[in-house]
């Protein structure tokens, strides 16, 4: 390359998506997104950092009905900034994303889901993955609405982020909730109790996480279990554990620094806050 | 009672004369006339003197009920229609006064440059009541007699307009320090100053109610003691006068065309034309009369008069977009028994939006100039009242929201910008959930203070969205931004170049590959599209050819590189689009001076569902042009060509005011439909 050679177009990390084969609408719609930067890739300084709370930023979603017809979705926003993260050459990061937080009106049906990230003028899209959205039973739908509205939000758009970010209520799920709906809600129920409950991180019962064994949730559940483990073990995490999952290495490193997801959000949202106005009572005993 | 006169004054034309006028030849000139508080708007422009006659005959006549002691002031000002800003060339004044007789008059302007020809076109005398009349007698015992049939003359007086607010009046019983109220109710106020406000989504008492905007009008038939025929009615007329905003010489022509399109034909101003309410068809509610009481029964545009009290009332429902304006006229319906029925009239009443602001100041934060916001929103017809001020201390007086984690800090701000309830301990928006309330907080910092370091300074090559360094760098820290300096402003300056916004622009750094830094172009958006940009301007758009040498600095993250001046927390996302939540925190340790007001006006504009980074100048004609508050200081302003292009080195021009597209978007906005507010 001479000084006059024009630069090559920026190669964004490869984007891949895992989705459940089927989702009940009205409940959290969690997918797993992995960004994979090849060893000879550039250093990235501000890629969007996705999470279960992510709701806006340079990320686009497109759902193309398998049966044809107009798609559902939106383009990455160039104006709204979100939390960002770096990505080194050869690094991979796996993150959850809850599609419910985008307030999409998804008609029931089978779709091909594509996720796009944008950096500057460049975009990278995932391969489409097949998934189905179905309308829940009336009973499940009613329970979804009731639980969702426990989270403070000006408008119920179907988003589940407020359930975790603004919800100082005791959450008791209707025993009539179907198994499928319960499975879709399980991570949120665990996180709500972990963030707002009386138990410090080290004392949390990891049992509910062990039930989360779908390909979408398994890595996240494992990381959260390691966070609980590390909080109770002064030796922290074994180096072998930190490097055991390439996509989750960054999360393990944060746990090592005392910045695990539960620890941080418990402090900023839940029972670990430095309260201006302490709550009259706590939601869980 | 002395004699009253119904007098009609009309401005006919302006005769431009005299060789002295030649100093203006080549520049467009226009006139603005004023009779009492009624403006004619801008006349057509002209560019030559000599025997030019500027016709004002399209200006409506102005009617006044006067007596012998009244004077009717008339003014005419000539304005130079400059390319960048307008300046007043001269002004004349005249008075119409007793004796009231129809006829034409002329008033010469300063230096004999122009003469206003005006006239009193009509005078109707309303004689004083006479206590005694002499009648001729027939003869004693005659069965015949003479009777005096006193003429029945009446006029309508507007007694009260409930729901009409007068600017400058603060009618609150208690006025806590640090709070403001920019208009209030005043008994008998009928907007004769043409400034009366009717608020969208508000009942007359100010209570916020969705899709509710009206005034209740009471008129009294005069003179007192008059006995009207049974069944007499008031005939109501609703006029849609010209939107006068663009007649203000300070308003840029391009903005004027957006605000009041029916005053223009192409690029030419054709007059101050009426019937221009809801020019963009954004209103959901349209004007209509509504009956208030059976004794003032409404049929069509007529209401019954309560004869014993000589009172009639009606409700006028108005458009739900700001800037729509009305004159209501009323007269007693013609009746053979009524000899003369004189029309009464309101002044111009205009629809405004109004928001109540809860201002929360962290005890250790600096004070924000919240009272100055409203002035900057006047042109958008938005009244911003600081209705509650609270100073918070203890755990709510935060030095920062997190030491270093941007994501956590944003989440903490979201939490803080909510109501403190059992369900959300820690919030400081006490009016959260009450419709009509926005929230502004003076905070300290989002994150801990951190000094940015200059990682590289020197010459580099520009390749559109890539900056090529002379060698592969060994940066001591992560590069965050690239400053690009104006070569004309740095000649002779030695490194390190100062952090002077007048001499540089800056870009975020997205990635690094070898010597190449990929920068994030500046995205520009139409006001109604916050997500998809119409231009992503990189160095090539900013005038740097591929391979051109540029003087740069590469900075690490820190206060001088990237600092959060304000955040709009809350809101909701629908269909992937974010709607703002009417909440704003300004970090006063990061934003200083005039930038605080700009930041507040910027973030508040978002609450009306506006995108930022428009690339527009603001609405004001002035010697040093300033740009819309929705721009970021480090981007260039764009020109108005079909494919808009950056105007070199026009960064750092942001003002607290807005551009035309943002003004009309706010006027047309429907806060009740914003899911981020949840007021629907």
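The values are calculated or read from the model by the stated rules, or taken from the named source; none is laboratory data. For clarity, every value in this text was computed on a predicted model and none was experimentally measured. Positions of Cβ are backbone-derived with ideal geometry, glycine not excepted, and every protein chain shown enters the neighbour counts.
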For this session: Kindly indicate whether residue B:407 is part of a helix (DSSP H, G or I), surrounded by fewer than 23 Cβ atoms within 10 Å (Cβ to Cβ) and in contact (Cβ under 8 Å) with a residue 12 or more places away in the chain.
Result: no
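Looking at A:130, A:93, A:146, can you tell me which residue is part of a strand (DSSP E or B), more than 18 Å from the chain's Cα centre (by Cα) and at negative phi? Please lay out each step first, then the result.
Values: A:93 fails: more than 18 Å from the chain's Cα centre (by Cα); A:146 fails: part of a strand (DSSP E or B).
Selected residue: A:130, the only one of A:130, A:93, A:146 that is part of a strand (DSSP E or B), more than 18 Å from the chain's Cα centre (by Cα) and at negative phi.
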Problem set entry | Criterion: in the same structural domain as residue B:413 (by TED's automatic domain parsing), assigned to a loop (DSSP other than H, G, I, E, B) and under 25 Å from residue B:427 (Cα atoms) - qualifying residue of B:591, B:586 | B:591
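Quick check, is residue A:278 more than 20 Å from the chain's Cα centre (by Cα) and closer than 23 Å to residue B:412 by Cα? Write out each step before concluding.
On the way: more than 20 Å from the chain's Cα centre (by Cα): yes; closer than 23 Å to residue B:412 by Cα: yes.
Yes, satisfied.
Please determine, by comparing only the residues of the stretch A:27-42 that are in contact with a helix residue (DSSP H, G or I) (Cβ under 6 Å, 6 or more places away or on another chain) and assigned to a loop (DSSP other than H, G, I, E, B), which one is nearest to residue A:97 (Cα to Cα). Give the derivation first.
Pass one, the stretch A:27-42, residues in contact with a helix residue (DSSP H, G or I) (Cβ under 6 Å, 6 or more places away or on another chain): A:27-29, A:34.
When the remaining residues are screened for being assigned to a loop (DSSP other than H, G, I, E, B), the result is A:27-29.
Working: A:27: 13, A:28: 10, A:29: 8 Å.
My answer is A:29.
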Problem set entry | Criterion violated by residue A:140 - all others in (1) under 27 Å from residue A:223 (Cα atoms); (2) in contact with a strand residue (DSSP E or B) (Cβ under 9 Å, 6 or more places away or on another chain); (3) touching a residue at least 40 places away in the same chain (Cβ under 8 Å) satisfied | (1)
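Please state which one of B:380, B:417, B:442, B:452 is under 30 Å from residue B:545 (Cβ atoms) and either at pLDDT 90 or above or facing chain A (nearest Cβ under 10 Å) (or both). Quick ask: steps written out before the conclusion?
Working: B:380 fails: under 30 Å from residue B:545 (Cβ atoms); B:417 fails: under 30 Å from residue B:545 (Cβ atoms); B:442 fails: under 30 Å from residue B:545 (Cβ atoms).
The conditions single out B:452.
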For this session: Go through (1) closer than 27 Å to residue A:165 by Cα; (2) within 12 Å of another protein chain (Cβ to nearest Cβ) and name the single condition residue A:139 misses.
Result: (2)
Exercise. Could you count how many residues in the stretch A:96-126 are surrounded by fewer than 17 Cβ atoms within 10 Å (Cβ to Cβ), farther than 25 Å from residue A:148 by Cβ and more than 20 Å from the chain's Cα centre (by Cα)?
Worked result: 2
Exercise. How many of the residues in the stretch B:288-326 are surrounded by 16 or more Cβ atoms within 10 Å (Cβ to Cβ) and within 17 Å of residue B:239 (Cα to Cα)?
Worked result: 15
Problem set entry | Exclusive hit being at negative phi, touching a strand residue (DSSP E or B) at 6+ places or on another chain (Cβ under 9 Å) and surrounded by fewer than 20 Cβ atoms within 10 Å (Cβ to Cβ), set B:190, B:218, B:200 | B:218
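I'd like the residue in the stretch A:167-177 that is surrounded by fewer than 22 Cβ atoms within 10 Å (Cβ to Cβ) and within 14 Å of another protein chain (Cβ to nearest Cβ) and, out of all such residues, is modelled with the highest pLDDT.
Only one residue tops the list, namely A:171.
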Problem set entry | Scope the stretch A:168-198; condition without any contact (Cβ under 8 Å) to a residue 12 or more places away in the chain and within 11 Å of residue A:284 (Cα to Cα); matching residues | A:172
Exercise. Taking the stretch A:96-127 as the search range and keeping residues that are in contact (Cβ under 8 Å) with a residue 12 or more places away in the chain, under 30 Å from residue B:466 (Cβ atoms) and outside any strand (DSSP E or B), which one is nearest to the other protein chains (Cβ to nearest Cβ)?
Worked result: A:120
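Residue by residue, here is whether (1) surrounded by 21 or more Cβ atoms within 10 Å (Cβ to Cβ); (2) farther than 17 Å from residue A:13 by Cα; (3) within 9 Å of chain B (Cβ to nearest Cβ) holds:
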position: A:28; (1), (2), (3): yes, yes, no
position: A:42; (1), (2), (3): yes, no, yes
position: A:45; (1), (2), (3): yes, no, yes
position: A:58; (1), (2), (3): yes, no, no
position: A:93; (1), (2), (3): yes, no, no
Problem set entry | Among residues of the stretch B:12-44, those that are modelled with pLDDT of 80 or more and over 30 Å from residue B:98 (Cα atoms), counted | 3
Problem set entry | Unmet criterion (only one of (1) within 14 Å of chain B (Cβ to nearest Cβ); (2) modelled with pLDDT under 95; (3) at positive phi) for residue A:158 | (2)
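What about residue A:21, is it over 27 Å from residue A:264 (Cα atoms) and either in contact with a helix residue (DSSP H, G or I) (Cβ under 9 Å, 6 or more places away or on another chain) or surrounded by fewer than 22 Cβ atoms within 10 Å (Cβ to Cβ) (or both)? Talk me through it step by step, then tell me what you get.
Working: over 27 Å from residue A:264 (Cα atoms): yes; either in contact with a helix residue (DSSP H, G or I) (Cβ under 9 Å, 6 or more places away or on another chain) or surrounded by fewer than 22 Cβ atoms within 10 Å (Cβ to Cβ) (or both): yes.
It is true that residue A:21 is over 27 Å from residue A:264 (Cα atoms) and either in contact with a helix residue (DSSP H, G or I) (Cβ under 9 Å, 6 or more places away or on another chain) or surrounded by fewer than 22 Cβ atoms within 10 Å (Cβ to Cβ) (or both).
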Exercise. If residue A:268 passes every condition in (1) over 18 Å from residue A:52 (Cβ atoms); (2) over 17 Å from the mean Cα position of the chain (by Cα) but one, which one does it miss?
Worked result: (1)
For this session: Kindly provide the set of residues from the stretch B:234-256 that are touching a helix residue (DSSP H, G or I) at 6+ places or on another chain (Cβ under 9 Å) and more than 18 Å from residue B:322 (Cβ to Cβ), ordered by number.
Result: B:234, B:252, B:253, B:254
For this session: Identify all residues within the stretch A:201-222 that are surrounded by 15 or more Cβ atoms within 10 Å (Cβ to Cβ) and either closer than 20 Å to residue A:268 by Cα or in contact with a strand residue (DSSP E or B) (Cβ under 7 Å, 6 or more places away or on another chain) (or both); write none if there are none.
Result: A:201, A:204, A:216, A:217, A:219, A:220
Exercise. Among the residues of the stretch A:258-285, which ones are in a loop (DSSP other than H, G, I, E, B) and within 8 Å of chain B (Cβ to nearest Cβ)?
Worked result: A:259, A:269, A:273, A:274, A:275, A:276, A:277, A:278, A:279, A:280, A:281
Seminar exercise, completed: The residue from A:182, A:188, A:192 that alone is more than 14 Å from chain B (Cβ to nearest Cβ), at pLDDT 95 or above and in contact with a helix residue (DSSP H, G or I) (Cβ under 7 Å, 6 or more places away or on another chain) is A:188
